[in-house]
1. If you build a Gaussian network model of chain A, linking Cα atoms that sit under 10 Å apart, which residue out of A:ILE136, A:ILE44, A:ILE93 swings the most?
2. Translational diffusion coefficient, Stokes-Einstein: compute it for region A:2-54 using the Kirkwood radius over C-alpha pairs as Rh, at 37 °C and 0.692 mPa s, and state it as an integer in µm² s⁻¹.
3. Just the C-alpha atoms of region A:44-157: what Rg/Rh do they give, with Rh taken as the Kirkwood radius?
4. How tilted is helix A:109-121 with respect to the longest principal axis of chain A? Cα atoms for both, answer in degrees (0 to 90, nearest 10).
5. Enter the Cα centre distance for the pair region A:50-77 and region B:110-147, rounded to the nearest angstrom.
6. What is the spread of the Cα atoms of region A:1-89 along each of their three principal axes, largest first, in whole Å?
7. What percent does the relative contact order of chain A come to when contacts are Cα pairs within less than 8 Å and at least six residues apart?
Amino acid sequence: MSRIVKEYKKIKKVLEGHGEAFENLIVQLAPVNEYDLLSWKATIRGPSDTPYNGFSIGLTIKIPSDYPISPPMVKFEPYKMPHCNVNFQTGEICLDILTRQHWSPAWDLLHVLKAIEQLLQEPVPESPLNVDIANILKEGDRTAYTGLVRYYFCGGT
Amino acid sequence: MSNYQEEHGIQDDAVSRTATDDNEATRQDIRTQLREIFRLYSSDEDHQEDNTTLLELLSQLIPESLQEEWLEQLDQHDKKGCPESFIDSLPRVSKRNLSSTSACSICFSVFLEDDYPLVVELPHCDHRFDLECISIWLSKSTTCPLCRDDVMSHKVKIDSSKAELEEDWGMYG
Ligand SMILES: [Zn+2]
Ligand SMILES: [Zn+2]
């Protein structure tokens, strides 16, 4: 049985309520199609102590053929995601654990979503994919930061 | 008379011991230099023609096992993974030492679900994986998937102890 099949079983169990750690974070994590476990969709809740609080955020996950030796490819989609480490137009995420160099095959999709939650809580303006947001963060203006994120979320371009 | 001989015996011993120590140091020295030359000329592609003779000469001087080891270390720089010989040398964990719930963190399979589990242990951190799973991973990385320990960082120690045992090349002795 392949690794992603095992993960799918585990994820179903966790989301049915056997893993409280993920209850506040994950709204949905499932393959787009039951018969193709290489393509997934996820929806996570914006963490409460961040400007993303109250928003549901979509992600797509592609599983490479040599998973888990290679990391999954994760993007914010379909929403344009305002975050200093996310490309606003493509949804591409700059997150070290998703790179070949730092990925571990012992991690699974639940770990990945946890890491993305942490990135929402602790943005890294030193390696930005969204310079506008990174600059505001560097200035330390929390109110402006929250305002800008929310402005983007509500349809600003 | 016997006293004199005994004295001589002791003295000879002392002399030869110092000589051995000196030899030892010289050997280590030459060994390091040879290794460096080998590394330089094996990897320098610009001067391939000029190197052939020297490399041939070196190859005759250096035992084959060492040549292989050094060449493997050269490959290492490009591949970023562990050499095959390292992966092959990982200690097996016998079936009776596996608990009924422990699983491989790469494929997530319980080891004992397989009637003939082929499980190995990494040096130092003792984390266990299916040989098949960890082989693929270590061909691309040198870290333990669980604790991120650099598994190759311990290899140096293993190597030097092995080198001391294999010191008897018979060419400088
Ligand atoms: Zn395995
Ligand atoms: Zn380990």
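Each reported figure results from applying straightforward, stated rules to the coordinates on display, with no laboratory input. Note that this is a predicted model, so its numbers are computed, not measured.
1. A:ILE136
2. Estimated via Stokes-Einstein, D reaches 270 µm²/s.
3. 0.97
4. Helix A:109-121 and the main axis of chain A meet at about 10 degrees.
5. 27 Å
6. If we take the Cα atoms of region A:1-89, the spans are 41, 31, 22 Å.
7. It comes to 18 percent, rounded to a whole number.
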